[in-house]
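Notes follow the structure.
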Amino acid sequence: MVPAGCARRLVSILNRALEDCAEQRRKLDHSLNQCQALLGDWKIHVPESPKLEVSTKSEGENEPAAKELEELELLTRALEKVLRVRKSVLETPLQTVGAAEGEKTSDKKPAAKASITEQVPVSKESIPKTIKVTSLSKKPVTSKKASAYVLKAPYRTDLDVKRSHRKAPAQQSSRIPRVAVKGSTKGTSSQQAKTNVPVMGRKVIYAAAGSQQACGSPRSPLCKEQSFAFGDSTNHENSGAANLQLANPEKNSPGSLAESLVTQNPMAGDIPEWSPTPQTCTLWEKRSLLKLPPLYRKTYSRNSRLWETCCLCQTSAAAAATRNHFVERIQTTFCPSTPTISPAEIEEEINVLHDAYSLLSHRFKAENTGHTTWQSEYECLLTLEGLQTTVSQCLNKLQQLRRAAESQGRLQACCIGDAGCPSADCTPFRGQQCGNMSVLAVPLLYYSSLQELRDITALKLQVAMLCQKINIQKAARSEAWQHEDQPGLAGHDN
Amino acid sequence: MQRRAGGRAGPLPAAIGALCRALPLGSRPAPDTFRLAKFDRPQASPELWRLLYSLLKQIHEGGCTKSDTIDTQIRFVKSVLRYHGYGRPEFYQLPSDGSVGSRELLLAFSWLLHRINLLEQLLSVNRVKIRDETSLCTCGDNLLKSWKGMTELAPEHGLKNEVDIRYLQWLNGRLRFQWRSLHVDYQEQCKLLYKIHVYTNGSHMDQTVGHFSVTETDLIRQPDNYKQLMQLLESETSRLEAFLEWKQLEPVYWQWMETVLDTMAEDVFTCSAQDICSKKTTLANAPLCYCSADNIVEEIDQLTKDLVILGDGLCDVVTCKKSEWHEKIKGRERELLDEKEFSEAIGKIHKAVELKLSELKYQCAHKKNKMHGPCRLVFKDKHPASKMGFGRSRAKEALMNVSASELINELRMKEARLEKELKQLQEECRHKLTEVADGMDSVICIPPMKR
């Protein structure tokens, strides 16, 4: 059995270590959750109008609802016009999905052109959504025509198609119950959509799509379309409400978004039925499309430029002179018994000497290798002599520091008594963190592979763990050998 | 005050205003406080104490965690100033209810501004966290920080009089398990971080980085959650601007501080300065519970021991080599090269060694800054087709930028060193144990299994 006295210290050390570990794990858990959420499925935002209002408020825009409805009207009319155009196009014979790819482009183009001319500049996200709603609730058009989208070669279709296929059924069931919009007449749905807009947003869209589901085949081109449109939201030729939906949470640039939305709307009208679009997507899918919000970009660049300037900012000579003059003057008023080296400086010097020690021993080891020529032998000899002198210089400095530390300690000792400081609730501080060359600049750590990152993390953890083990070992040793003479003492932590 | 500044409401209010605006949002004093403090008006004292406390707390983690009373705050501030070597006795004699002494506080504040680069420290400590940061060293590691200051440990409640050694072993085992889980978690995080970096590569407008950080990606995903972040960024930007402004107007402030000293000198004219400073007892009033000198001395002793061992080792090798060299020289004297050539060669060697040694001496005497402190983690594809180049990296920072391979090497060396030290300690322990065991009659000591 370990006596309570020495056990107490060891137990508290170990408990403290466990607490620190637990805290680190908690922080790590939190960040892991965040990262996993980012890499997992991103829920498409269903920005109900309250949300929209908030976001627009933050952007400083506060348009009255009347204007919104007005624009809504205009857009709806534009869509109706386009639908009529589409109807005529639909007379042409259907083709297979695959072959339709070529046609997709051609089919889309006239409609696209039509839509572009009818673009209404919108600045609110809600409007595009309503457009989507209205457009989606068109009566089913044949699948092949529906898939009149521009395909972008680089995008992988299969993966996305599979994804949407998987997602679609799931989404449908969840969305449909919440939707009021049903049926296939554009008129009614647009009416409903209008009224529903403030509340339902995209939910309506999805539901409408789901309720009108015809056959499975349209889904694939649609889904393909989605991902493509998604891939290129800035390209106005690309249609697809999916683009709207999926792109919305990522791009807070309502202007470009709205434009693309408008062009897409007529296209969306072509869609026979709006197959339930996947309401989630992943970072991988949108990886090169992401853009930071413009407000953030602006602030960030301003911020980093300022940091740069501050780093390079030097104290002017005049300022330095006046400052030093003041400091000298005030230092003359210091109590003479103040030790010349402050505790902060002592600690700093000790750190420097720690580093010096490791440097010197490293060099020592390096020099101990065999030498061939007499020149290198001589060089080695001289270097070692130099190391010796440096070591003795360090030792002298250490002695100085020790004397200073002792005098500080004496000063402390006579104050502890009368100050009556409650050391129980004070945690001693060890001083500032280690610093960079310039406090303001943060260096960049470049890594180029996962393995490097892993190595760094593992090594840092290993170093910290070893330090902790050493401390525990030292504590155990000091505790154990206090009771060296006590018989019957079992072995201690090794 | 304005008159002193030169006849117009000019540089001084601007300087003080800039100074106040460069301070963190929660700790900003009213500029008028400074003026009041110059004339030692008591109403400025509580605010200045609060200011000092909150600023110093941000820089020095530690201090009182439990109570926030004026008394403990004042003690914290005093001990920090003591730690940095502030020696004005009047300051330490200020009462702990915080009612008087605004001028002293003003002086202390200005001294700190200079001494520890207060503004720069605050800016760096309060940096908004939008980047993926890590640290190049383990100095700031929480797991290590707590060790250095542990002198008196709070007694463990519920600890019986004796503790079974197995309890300690169990705790130790738990700790090992925690480390392993931490390792696993960290590796997982690496993987995720890497993915995010690679996926978002090429999308960032800042070319030196090229990819988004976790926060930025989350900002895209959920912009509504980050309104506060935007506000913080804005406030940081304005603080940086104020800092630059302050740098321009600094001389004015320091000149004004001298007038504060003058004012004080006038007021104190009657009191005898000698009475105030009575050596030990005066400074002894400074509460030093926050910095302990015992640990320092212990550390110094340990380091001295190590250096002495190193020095002895060096000494041995040097004497050995010297004698070898002399013999060699003697042996060679006959078949030696031309005297001149020889001395030339010797001279060259001397020069080279001197160069090496002077560099070494410099490194030994100065703070090693390269591999310390926080850093920003950036993924840089080594692929030549990568559109990001190093061209745009800023000159000053480029000096400090570290590559992962450098850091890995450094860490490996550190690891090896620490392992050696640990093994040494363990060996020592084992050795002593065997000694003890040998000394015990009819006792067989079975050491634990070596893992």
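Every number here is computed from the coordinates shown, using simple stated rules; none is lab data. Just so it is clear, the model here is predicted, and its values are computed rather than measured. In this analysis, Cβ positions are derived from the backbone assuming ideal geometry, glycine residues included, and neighbour counts consider all displayed protein chains.
Observations
- For the residue pairs A:Lys67/A:Lys298; B:Lys191/B:Lys380; B:Lys322/B:Lys420; B:Lys78/B:Lys247; A:Lys474/B:Lys423, alpha carbon separations beyond 18 Å are given by A:Lys67/A:Lys298; B:Lys322/B:Lys420; B:Lys78/B:Lys247.
- Counting, for every residue in A:318-331, the Cβ atoms of other protein chains within 10 Å of its Cβ and taking the mean gives 6.
- Gain in span if fully extended, B:Glu266 to B:Ser405, counting 0.36 nm per residue against the direct Cα distance: 43.9 nm
- Evaluating 6.51 cos²θ - 1.76 cosθ + 1.60 at θ = phi - 60° for every residue in segment B:416-426, the Karplus couplings come out as 4, 4, 5, 4, 4, 4, 4, 4, 4, 4, 5 Hz, glycine and proline recorded as x.
- Once both labels are positioned 7 Å from their Cα atoms along Cα-to-Cβ, the gap between B:Trp325 and A:Asp29 label points is 6.2 nm.
- Using the Cβ-Cβ distance between A:Ala321 and B:Lys227 with R0 set to 56 Å, the FRET efficiency works out to roughly 0.80.
- Label-point separation in nm, B:His183 to A:Arg77, each point 7 Å along Cα→Cβ: 7.2
- Cβ crowding within 10 Å ranks B:Leu25, B:Leu52 as B:Leu25, B:Leu52, fewest other Cβ atoms first.
- Fewest-first sequence of A:Leu10, A:Leu466 by Cβ atoms within 10 Å of each Cβ: A:Leu466, A:Leu10
- Rounded Å value of the spacing that divides the Cα centres of segment A:303-321 and segment B:93-110: 30
- Hull volume per residue, based on the alpha-carbon atoms of segment B:168-238 and their convex hull, is 158 Å³.
- Inter-site label distance for A:His371 and B:Val308 at 7 Å from Cα along Cβ, in nm: 3.0
- Legend: calculated FRET efficiency, A:Ser304 to B:Ala352, from the Cβ-Cβ distance at R0 = 45 Å, rounded to 0.05, equals 0.55.
- Span from the segment B:225-242 Cα centroid across to the segment A:357-387 one, whole angstrom: 54
- Length released on extending from B:His366 to B:Glu258, taking residue separation times 0.36 nm less the Cα-Cα span: 35.6 nm
- Full extension of the chain segment joining A:Ser407 with A:Thr340 gains 23.1 nm, where the gain is 0.36 nm per residue of separation less the Cα-Cα distance.
- Amide H contacts of B:Cys375 (H built 1.01 Å from N, under 5 Å, at least 5 apart or other chain): B:Thr134, B:Ser135, B:Leu136
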